[in-house]
Amino acid sequence: MLLDVSKIEASYGASQALFGVDLAVAEGEAVALMGRNGMGKTTTIRAICNLNPPRAGSVRLAGTDLKGKPSHRVAKLGIGLVPEGRRCFPNLTVHENLEAAARPGSWTLERVNALFPRLAERHAQMARSLSGGEQQMLAIGRALMTNPRLLILDEATEGLAPVIRQDIWAAIRKLKAEGLSILVVDKTLSELLPVADRCVILENGKSVWQGTSAELTADVQDRYLGV
Amino acid sequence: MTFALALEQLLNGLQLGVMLFLMAAGLTLIFGVMGLINLAHGSLYMVGAFACAAVAAATGSFWLGLVASLACAAAAGAIIELLVIRRLYDREHLDQVLATFALILIFSEGTRWVFGSFPLYLDIPPLLQGAVALPGGAQYPVYRLAIIAAGALVALGLYVLIGKTRLGMRIRAGESDREMIGALGVDIRTLYTVVFALGAALAGLAGAMVGALQSVQVGMGEPVLILAFVVIVIGGIGSIKGALLGALLVGVVDTMGRLLLPQLLTLFFPPSQAGMIGAAAASMLIYVMMALILAVKPRGLFPAAHA
């Protein structure tokens with residue numbers, strides 16, 4: 001397994017948010033992390049990246065235990081994060097956002113620009129002046145510039161115009177086809193399910209269901225994802 | 001007042017401005033990137049001056065002294081960052097002020113302990129001795145012109161470092177989102193140590209260069225520190241460009257004010273009183289300027305984008 005998350009628990013301050021999450025991502029696999037709002041998806045991602053380190057359980061990346069490793073070490077071991085809210089550096093240009101994250105590997109500026117030609121057109125523009133969709137492309141491009149083994153996308157297309165969503169999903173499908181391992185959170189099941197090999201559903205800070213996209217029947221969706 | 005005198009004072013103002021820029025650049029970088037108020041920045045200026053004076057006295061070479069001032073100030077900066085400062089980033093400004101004020105006392109007493117209470121003197125290197133003729137006939141010391149040139153070089157170097165290099169991009173990225181730059185694999189702690197040492201080295205350089213104009217003594221950094229704070233508040237906290245402009249503005253306004261205000265006041269007061277009132281008013285001038293600028297632009301001339 002590339003990523004192996006076992007029974008992690010995590011808290012925000014005094015309140016516990018995760019009560020035992022298990023999930024795994026194999027090499028080249030795309031896994032959807034699902035659940036209603038507030039069920040612990042973002043907390044799980046933050047725990048994996050050690051931005052909010054788990055207080056119990058274990059996270060292993062390609063066999064390496066991430067316990068106690070600062071978030072920059074986790075990133076260097078191969079996790080590329082596209083965070084919720086995108087969090088591009090507003091005071092840097094598009095080019096600088098990508099360059100600041102760059103680490104040696106097959107992902108270069110040229111390759112990111114080929115994936116998102118819009119970024120190439122806007123390379124000298126300040127990130128704060130980009131549209132939401134362009135910022136998301138930049139956040140993905142920035143994570144790719146770190147040459148990750150696993151790309152984690154938290155709310156991949158939240159708040160974006162439908163036509164931009166298509167571009168983002170097309171890029172995600174392309175990345176998967178190229179063999180990149182992906183862990184993705186999104187609410188658009190019609191787009192998410194065809195991309196995902198497997199799904200993990202969280203409820204109240206616990207992983208309560210795992211299976212392939214095909215196994216995620218309307219019944220299961222109703223039970224765990226319906227509003 | 002002659003043209004020559006005005007030009008000479010203008011150059012003096014620029015030289016003061018350049019020196020303030022060297023101090024303010026580090027101060028504003030450290031505040032902008034790490035959110036830290038470092039009162040001990042003046043101590044690093046003093047460390048640079050003492051290192052230069054001591055090494056120059058021991059080796060006979062001002063230039064070796066200059067290298068030593070950069071190295072010692074950067075090392076002192078890195079050491080206090082590792083031992084003290086990095087525990088303060090997540091604390092309130094009051095804690096930062098208290099802890100860095102303690103550092104001032106430690107540096108001052110430590111220096112007095114090693115070098116004693118008597119000032120050291122640093123000679124201008126032979127290469128930069130002498131004067132050049134200014135238009136209008138006055139002579140102006142080469143050394144002061146060299147300080148202005150050194151400041152211009154540092155400003156250019158910082159512009160390239162912060163604006164064009166990957167390190168600079170990461171520093172600016174850390175300024176707007178510390179957690180995110182860490183999540184992309186940049187070791188923010190090491191980055192902070194580097195920024196702090198860089199700021200310290202610039203302060204040390206300023207101290208060393210001024211050391212050849214004034215005496216090198218304990219407590220020499222604090223008056224400059226206050227002016228440097230005025231500079232970064234005027235320029236916009238976190239902005240190197242603002243620090244440069246603010247420093248030149250403060251340097252020139254302060255110097256020219258001391259020259260012109262007493263003369264201006266002779267229009268209203270008898271000469272003896274005009275001199276006294278003028279001198280007093282001149283020393284307030286930069287603070288009045290700061291108040292006026294803040295009234296119009298509350299975040300300074302070039303506020304950093306993230307603030």
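The values are calculated or read from the model by the stated rules, or taken from the named source; none is laboratory data. The structure presented is a predicted model; accordingly, all values stated were derived computationally and were not measured. Glycine also receives a Cβ, built like all others from the backbone with ideal geometry; neighbour counts cover every protein chain displayed.
Anything in segment A:87-117 that is of a type in the set (D, E, K, R) and surrounded by fewer than 18 Cβ atoms within 10 Å (Cβ to Cβ)? List them, or say none.
Those that are of a type in the set (D, E, K, R) and surrounded by fewer than 18 Cβ atoms within 10 Å (Cβ to Cβ): A:Arg103, A:Glu110, A:Arg111.
Quickly run through segment B:235-268 and pick out the residues that are part of a helix (DSSP H, G or I), of a type in the set (A, V, I, L, M, F, W, C) and over 15 Å from B:Leu20 (Cα atoms). Show your work before the answer.
To start, the set of residues in segment B:235-268 that are part of a helix (DSSP H, G or I) comprises B:235, B:240-265.
With of a type in the set (A, V, I, L, M, F, W, C) added as a condition, the list becomes B:240, B:243-245, B:247-250, B:252-253, B:256, B:259-261, B:264-265.
B:Met256, B:Leu259, B:Leu260, B:Leu261, B:Leu264, B:Leu265 - these are the residues of segment B:235-268 that are part of a helix (DSSP H, G or I), of a type in the set (A, V, I, L, M, F, W, C) and over 15 Å from B:Leu20 (Cα atoms).
Could you tell me whether any residue of segment B:101-115 is in contact with a strand residue (DSSP E or B) (Cβ under 8 Å, 6 or more places away or on another chain), under 19 Å from B:Glu222 (Cβ atoms) and surrounded by 12 or more Cβ atoms within 10 Å (Cβ to Cβ)? Before the answer, list the steps.
Taking segment B:101-115 first, the residues in contact with a strand residue (DSSP E or B) (Cβ under 8 Å, 6 or more places away or on another chain) are none.
Scanning segment B:101-115 turns up no residue that is in contact with a strand residue (DSSP E or B) (Cβ under 8 Å, 6 or more places away or on another chain), under 19 Å from B:Glu222 (Cβ atoms) and surrounded by 12 or more Cβ atoms within 10 Å (Cβ to Cβ).
So which of A:Lys187, A:Lys174 is over 21 Å from A:Leu23 (Cα atoms), of a type outside the set (Phe, Trp, Tyr) and not assigned by TED's automatic domain parsing to the domain that holds A:Leu92? Spell out the reasoning first.
Working: A:Lys187 fails: over 21 Å from A:Leu23 (Cα atoms).
Matching residue, one of A:Lys187, A:Lys174: A:Lys174.
Over 23 Å from B:Leu10 (Cβ atoms), of a type in the set (S, T, N, Q) and either within 14 Å of chain A (Cβ to nearest Cβ) or touching a strand residue (DSSP E or B) at 6+ places or on another chain (Cβ under 6 Å) (or both): does that describe B:Ser239?
So B:Ser239 passes the test.
Could you tell me whether A:Asn50 is assigned to a loop (DSSP other than H, G, I, E, B) and not β-branched (Val, Ile, Thr)? Can you show your working first?
Details: assigned to a loop (DSSP other than H, G, I, E, B): yes; not β-branched (Val, Ile, Thr): yes.
For A:Asn50, the condition - assigned to a loop (DSSP other than H, G, I, E, B) and not β-branched (Val, Ile, Thr) - is met.
Give segment A:61-110 a look and list any residue that's assigned to a loop (DSSP other than H, G, I, E, B), more than 9 Å from chain B (Cβ to nearest Cβ) and closer than 19 Å to A:Met137 by Cα, or say none.
The answer is A:Glu84, A:Gly85, A:Arg86, A:Ser106, A:Trp107, A:Thr108.
Give segment B:67-94 a look and list any residue that's β-branched (Val, Ile, Thr), surrounded by fewer than 21 Cβ atoms within 10 Å (Cβ to Cβ) and over 19 Å from B:Gly207 (Cα atoms), or say none. Let's see the steps before the verdict.
The first filter runs over segment B:67-94 and keeps only residues β-branched (Val, Ile, Thr), leaving B:67, B:79-80, B:84-85.
Keeping just the survivors that are surrounded by fewer than 21 Cβ atoms within 10 Å (Cβ to Cβ) gives B:67, B:79, B:84.
Listed by number, the list holds a single entry, B:Val84.
Of the residues that sit in segment B:244-280 and are hydrophobic (A, V, I, L, M, F, W, C) and more than 30 Å from B:Leu301 (Cβ to Cβ), which one is surrounded by the fewest Cβ atoms within 10 Å (Cβ to Cβ)?
Checked segment B:244-280; the qualifying residue surrounded by the fewest Cβ atoms within 10 Å (Cβ to Cβ) is B:Leu267.
Residues being crowded, with 18+ Cβ neighbours inside 10 Å and touching a Ser or Thr at 6+ places or on another chain (Cβ under 6 Å): count how many of those fall in segment B:281-307.
Of the residues in segment B:281-307, 2 are crowded, with 18+ Cβ neighbours inside 10 Å and touching a Ser or Thr at 6+ places or on another chain (Cβ under 6 Å).
More than 18 Å from B:Gly204 (Cα to Cα) and in a helix (DSSP H, G or I): does that describe B:Leu10?
Spelling it out, B:Leu10 is indeed more than 18 Å from B:Gly204 (Cα to Cα) and in a helix (DSSP H, G or I).
Take the residues in segment A:148-173 that are among the small types (Gly, Ala, Ser) and not in a loop (DSSP other than H, G, I, E, B); name whichever of them is surrounded by the most Cβ atoms within 10 Å (Cβ to Cβ).
A:Ala171
Anything in segment B:130-139 that is part of a loop (DSSP other than H, G, I, E, B), loosely packed, with under 12 Cβ neighbours inside 10 Å and touching a strand residue (DSSP E or B) at 6+ places or on another chain (Cβ under 9 Å)? List them, or say none.
Hit for segment B:130-139 is B:Gly130, nothing else.
Within segment B:172-191, identify whether any single residue is in a helix (DSSP H, G or I), touching a residue at least 60 places away in the same chain (Cβ under 8 Å), away from every other protein chain (no Cβ under 14 Å) and surrounded by fewer than 23 Cβ atoms within 10 Å (Cβ to Cβ), and answer yes or no.
No, there is no match, as no residue in segment B:172-191 is in a helix (DSSP H, G or I), touching a residue at least 60 places away in the same chain (Cβ under 8 Å), away from every other protein chain (no Cβ under 14 Å) and surrounded by fewer than 23 Cβ atoms within 10 Å (Cβ to Cβ).
Can you tell me how many residues in segment A:174-201 are closer than 23 Å to A:Val94 by Cα and surrounded by fewer than 18 Cβ atoms within 10 Å (Cβ to Cβ)?
Of the residues in that region, 1 qualify.
Considering only residues that are out of contact with any helix residue (DSSP H, G or I) (no Cβ under 7 Å at 6 or more places or on another chain) and modelled with pLDDT of 95 or more, which ones fall in segment B:64-93?
B:Val67, B:Ala71, B:Ala75, B:Ile79, B:Leu83, listed by residue number.
Among the residues of segment A:204-214, count how many are closer than 14 Å to A:Thr43 by Cα and buried (at least 17 other Cβ atoms within 10 Å of the Cβ).
Qualifying residue count, segment A:204-214: 3.
Given the criterion without any contact (Cβ under 8 Å) to a residue 24 or more places away in the chain, in a helix (DSSP H, G or I) and either more than 14 Å from chain A (Cβ to nearest Cβ) or of a type in the set (S, T, N, Q) (or both), identify the matching residue among B:Ala200, B:Ala208, B:Ala279. Steps first, please.
On the way: B:Ala200 fails: without any contact (Cβ under 8 Å) to a residue 24 or more places away in the chain; B:Ala208 fails: without any contact (Cβ under 8 Å) to a residue 24 or more places away in the chain.
So the residue among B:Ala200, B:Ala208, B:Ala279 that is without any contact (Cβ under 8 Å) to a residue 24 or more places away in the chain, in a helix (DSSP H, G or I) and either more than 14 Å from chain A (Cβ to nearest Cβ) or of a type in the set (S, T, N, Q) (or both) is B:Ala279.
Would you check which residues across segment B:135-171 are hydroxyl-bearing (Ser, Thr, Tyr) and touching a residue at least 24 places away in the same chain (Cβ under 8 Å) and list them? Don't jump to the end; show me each part of the working.
Our first condition is that a residue be hydroxyl-bearing (Ser, Thr, Tyr); within segment B:135-171, this holds for B:140, B:143, B:159, B:165.
Those that are hydroxyl-bearing (Ser, Thr, Tyr) and touching a residue at least 24 places away in the same chain (Cβ under 8 Å): B:Tyr140, B:Tyr143, B:Tyr159.
Mind listing whichever residues of segment A:122-147 are over 20 Å from the mean Cα position of the chain (by Cα), away from chain B (no Cβ under 11 Å) and of a type in the set (D, E, K, R)?
Scanning segment A:122-147 gives a single hit, A:Arg122.
Take the residues of segment A:40-60 that are more than 14 Å from every other protein chain (Cβ to nearest Cβ) and touching an Asp or Glu at 6+ places or on another chain (Cβ under 8 Å): which is farthest from A:Leu23 (Cα to Cα)?
Step by step, filter segment A:40-60, then rank; the result is A:Arg55.
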